[in-house]
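Peer 1: Pasting a structure here, questions to come.
Any read-out appearing in this document is the output of simple, stated calculations on the displayed coordinates, not a laboratory observation. Being a predicted model, the structure only gives us computed values, none of them experimental. Counting neighbours? That spans all protein chains shown, and the Cβs are built from the backbone with ideal geometry, glycine included.
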Amino acid sequence: MNEKEYTTLKDELDSIPVPKEALSYARTTGLKKGQSERRNRKRWIEAFTITAALILIFITTIRVSPAFAQAVAKIPGFAPLVEMIAYDKGMEDILKNDYYEELNITETKNNLTFTLLGIIADESGMIINYELDAPFEIHDLDTKGVEIRQNNKDLLEAGGLTYSWPDKEPTNHIEEIIEVTSNKNIDYTNPNFELSITFKDKHETTFNIPFTLQKKIAKSKYYKLDQTIEIDEQKFTVKSLRISPLRAKLDIAIDPTNTMQILQMKSMRLLDEKGEVWGTITNGFSGFGRMRDAEASLFFQSNYFREPKSLTLQINDIQALPKGKDYIEVDFLKKKVLYIPDNVNVNINIDSFNTIRANYKTKEEDHFYQMFFQAVDAHGEAVDSNGFSHSNRDGMSESTYTFDISNKTNPIRIYFNSYENYLKGSATVNIPLE
């Protein structure tokens with residue numbers, strides 16, 4: 001942070017109960033050391049040490065004080081950083097190990113100023129930090145599309161991308177992140193990329209920002225496992241674990257002879273020898289593939305910068321339904337529900353515009369999985385979904401799904417993606433680190 005940012009932070013902290021003495025000491029000492037560095041290069045290492053201490057206090061306080069996090073988030077460029085630290089311990093390690101690359105590339109078009117602040121990149125993907133400014137109100141200015149290109153090719157052909165627009169009060173300043181996730185290792189032999197992002201203003205303004213990464217890209221740690229486990233007479237093969245700075249990816253195969261259709265693996269945790277938990281990612285992509293596929297990849301927070309003596313994978317809370325009883329069937333023309341499994345407690349209504357409304361009880365406070373996902377018509381042809389909404393309140397959930405049934409033949413079979421029916425038992429897999 002520069003001196004202006006320090007001053008802004010100090011003003012915000014005055015009315016918030018945080019360790020102000022420690023922060024004040026680190027701030028003052030850091031500034032003095034930074035100024036002395038210009039006069040005496042030998043003292044630069046001391047300045048860096050004090051700055052590192054400030055960063056450690058900064059990160060720790062964000063985790064234990066939501067009020068502090070809210071204050072720091074007001075400093076330009078810090079809001080997405082605060083959110084990442086709060087929900088991802090791996091991100092904390094990335095910052096502490098100086099793996100974030102600052103870019104600060106700015107371009108202005110149609111009275112919109114886009115700044116590519118910085119990037120965290122590894123073989124599994126990227127997190128791109130940016131801000132957008134305008135002399136007018138932009139809080140409801142949506143993002144139309146994003147592309148990342150390397151050698152004039154779309155980097156996302158073998159991966160996915162998430163981005164959001166914050167729900168804020170009127171503002172002319174937005175800070176956000178774009179998360180790129182690749183299903184195969186990204187090759188950084190050529191470190192030149194181009195970010196293309198289009199906004200939904202009246203001009204549909206597009207920014208094409210070339211950038212070159214200077215920092216060395218960390219190599220992923222790969223562990224081949226091929227361990228078969230069994231939970232409630234259902235078999236799985238844990239194939240491999242790949243750990244990168246941004247995320248850890250677990251590849252798992254589902255035994256096709258299982259009698260139950262696996263829906264979700266809700267609780268999978270990596271534990272080190274101290275019992276510290278590295279849980280699944282809570283935002284962005286949770287993995288590639290689905291449990292209905294022969295193989296799937298699941299993502300965890302990364303402990304890449306740690307050197308654990310041991311790692312253990314714990315698998316619990318697996319949602320499943322009997323095969324052949326893992327779907328509902330509806331006739332949109334007759335507005336009738338033709339089939340609901342007898343072991344499923346859900347109320348289904350068919351609304352206008354080819355929409356189904358599902359109401360059901362939930363015991364989970366963090367219930368956010370879509371109940372349904374894939375649909376096919378009477379000929380087995382895929383039926384696309386045009387929209388989805390979900391809400392939780394007082395132990396009840398309601399989900400709505402709208403389908404495009406033009407040129408499709410009723411009845412429509414809609415498969416479950418999630419339902420609170422769990423296998424009995426759990427499994428443990430030891431990860432060989434050598």
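Peer 1: Hey, what did the stretch 327-416 get for relative contact order, percent, Cα under 8 Å, at least 6 apart? Don't skip to the end; give the middle numbers.
Peer 2: Working: 179 pairs, mean separation 31.8, N = 90.
Relative contact order comes out at 35 percent.
Peer 1: While we're here: If you take the square roots of the eigenvalues of the alpha-carbon gyration tensor of the stretch 99-218 and sort them as a ≥ b ≥ c, do you get rounded (a/c under 1.5), prolate (a/b over b/c) or oblate? Display every interim value, and only then the final one.
Peer 2: Numbers: a/c = 1.93, a/b = 1.82, b/c = 1.06.
Prolate shape, in that a/c is at least 1.5 and a/b is the bigger ratio.
Peer 1: A further question on this structure: Please find the FRET efficiency linking V376 to T162, where r is the Cβ-Cβ separation and R0 is fixed at 22 Å, and quote it to the nearest 0.05. Could the numbers behind the result be given before it?
Peer 2: Working: r = 27 Å, r/R0 = 1.22.
For R0 = 22 Å, the calculated efficiency reads 0.25.
Peer 1: Any chance you could run the full-extension gain for N97 through T143? It's 0.36 nm times the residue separation minus the Cα-Cα distance, nm to one decimal. List each step's numbers first, then the result.
Peer 2: Numbers: separation 46, 0.36 × 46 = 16.56 nm, distance 3.18 nm.
Full extension from N97 to T143 adds 13.4 nm.
Peer 1: Find which of I414, N347, N392 sits farthest along the positive direction of the dipole of the stretch 327-416, computed with +1 on the beta-carbon of Lys and Arg, -1 on that of Asp and Glu, about the Cα centre.
Peer 2: The Cα lying farthest towards the positive end belongs to N347.
Peer 1: Could I ask something else about it? Once the dipole of the stretch 99-218 is set up with Lys and Arg at +1 and Asp and Glu at -1 on Cβ about the Cα centre, which of G159, P170, N190 lies farthest towards its positive end?
Peer 2: After comparing all options, I get N190.
Peer 1: How would you classify the stretch 353-427 from its alpha-carbon gyration tensor, with a ≥ b ≥ c the square roots of the eigenvalues: rounded for a/c under 1.5, else prolate if a/b is greater than b/c, otherwise oblate?
Peer 2: On the way: a/c = 3.12, a/b = 1.62, b/c = 1.93.
Oblate is the answer for the stretch 353-427, as a/c is 1.5 or above yet b/c matches or exceeds a/b.
Peer 1: Of K274/K424; K239/K361; K202/K336; K153/K219, which pairs sit farther than 31 Å apart, going by alpha carbon to alpha carbon?
Peer 2: Values: K274/K424 27 Å; K239/K361 35 Å; K202/K336 43 Å; K153/K219 23 Å.
With Cα atoms farther than 31 Å apart: K239/K361; K202/K336.
Peer 1: For the stretch 327-416, with only Lys/Arg (+1) and Asp/Glu (-1) charged at the beta-carbon, what is the dipole magnitude about the Cα centre, in debye rounded to 20? The partial results should precede the final answer.
Peer 2: Values: 9 positive and 13 negative charges, 57 e Å.
Roughly 280 debye for the stretch 327-416.
Peer 1: Along Cα→Cβ, 7 Å out, is where each label goes; now give me the distance between the ones at N407 and N349 in nm to one decimal.
Peer 2: About 3.3 nm separates the two model spin labels.
Peer 1: Short version: ³J(HN,Hα) in whole Hz for each residue of the stretch 200-210, in order, from phi by Karplus 6.51 cos²θ - 1.76 cosθ + 1.60 (θ = phi - 60°), x for Gly and Pro, what are they?
Peer 2: 8, 7, 5, 8, 6, 5, 10, 9, 10, 10, x
Peer 1: Pop a pseudo-label 7 angstrom from the Cα along the beta-carbon direction at both K334 and E194 and give the gap in nm to one decimal.
Peer 2: Between K334 and E194, the label points sit 5.5 nm apart.
Peer 1: Whose amide H sits under 5 Å from the amide H of G118, counting only residues 5 or more places off or on another chain, with H placed in the peptide plane?
Peer 2: L103, N104, N129
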